Amino acid sequence: FFVLSLVMELSRELDEIDQELKQIETQIETLLERQQFLQSQKELIQSQICSQLVPREPSCSQKKENNIEWSAKNFSWSENVEAARKNTFKIKSFRPLQLECINATMSGSDCILIMPTGGGKSLCFQLPAVISKGITLVVSPLISLMEDQLMALKELKIDSTFLNSTCSKEEVNAVQHAMVDKKSGLKLLYVTPEKIAKSKRFMAKLEKTYEGAQIHISKLMNCNVNKV
């Protein structure tokens, strides 16, 4: 009876410890998110202050870039873009702003695209990923969105996968091996912001991937514009 009572008491203590650990983990996650938000706000404010105090004349390269006709179809990659549109994605024509965004991405220029849900944002990074070397990293906070897009990509026979909290250890190892394997055909890798913020192992693999091949990093913000 004494042993049984002792075991029950220890079990209760263990449950309390587990609950407290979960609470601490939740608090840490909340603090990390807050830290990232404050850091981004700090950098934004610093940038705004600098731009007000030291106004700069646009450089020659910036002026030239501003005059580029991004809707043109005479870039060095235009034939590949058209081929991928027709043969890989089976699309008759681009929607408004898709071609402009794709051309800007292929040129290596920074591009921010804001579209409503269903506007065709995904194609703007998926198509460049298909015709480019290396892996395109897509950062998305929505696991359900990842799953939907991966299902569509697999139907198009585009090698793609994701890493998130639902992945098994074996799946994670397989993906991270593919990231650094030059013979891998992986084109799109979807990850959550938490994976980048908390996984040092993933970041180490990402650095090796970057060193070994060209990598285009796209940030996917899938949100309803009406709610912003």
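Per residue Cα convex hull volume for segment 70-189, in cubic angstrom? Spell out each step's value before the answer.
Numbers: hull volume 14.3 nm³, N = 120.
Cα convex hull per residue, to the nearest whole number: 120 Å³.
For K154 and I68 in one chain, what is 0.36 nm times their gap in residues minus the Cα-Cα distance, to one decimal in nm? Each step should come with its number before you reach the end.
On the way: separation 86, 0.36 × 86 = 30.96 nm, distance 3.44 nm.
Difference between extended and current length: 27.5 nm.
Quick one: Karplus J couplings for segment 189-197, per residue in order, coefficients 6.51, -1.76, 1.60, θ = phi - 60°, nearest Hz, x for Gly and Pro?
With coefficients 6.51, -1.76 and 1.60, one gets 10, 9, 9, 8, x, 5, 4, 6, 6 Hz.
Taking amide hydrogens as modeled 1.01 Å from N in the peptide plane, which residues meet the under 5 Å criterion relative to Y190, leaving out close sequence neighbours?
HN-HN under 5 Å from Y190: V138, T161, F162, L163.
Alpha carbon centre of segment 81-134 versus segment 7-48: separation in Å?
Going from one Cα centre to the other spans 38 Å.
Could you compute how much accessible surface L156 exposes when probed at 1.4 Å, giving the result in Å² to the nearest 10?
Surface accessible to solvent at L156 totals approximately 60 Å².
Enumerate the calculated ³J(HN,Hα) couplings along segment 20-30 in order (Karplus 6.51 cos²θ - 1.76 cosθ + 1.60, θ = phi - 60°), each rounded to whole Hz, writing x wherever the residue is Gly or Pro.
5, 4, 5, 5, 5, 4, 5, 5, 5, 4, 5
For a quick check: with amide H placed at 1.01 Å from N, whose amide H comes under 5 Å from L97's, ignoring anything fewer than 5 positions away on the same chain?
When sequence neighbours closer than 5 places are left aside, there are no close amide H contacts.
The values are calculated or read from the model by the stated rules, or taken from the named source; none is laboratory data. This one's a predicted model, so the numbers in the text were calculated from it and none came from an experiment. Only protein heavy atoms, including side chains, enter the accessible area calculation; ligands, DNA and RNA are left aside. Shrake-Rupley method; radii C 1.70, N 1.55, O 1.52, S 1.80 Å.
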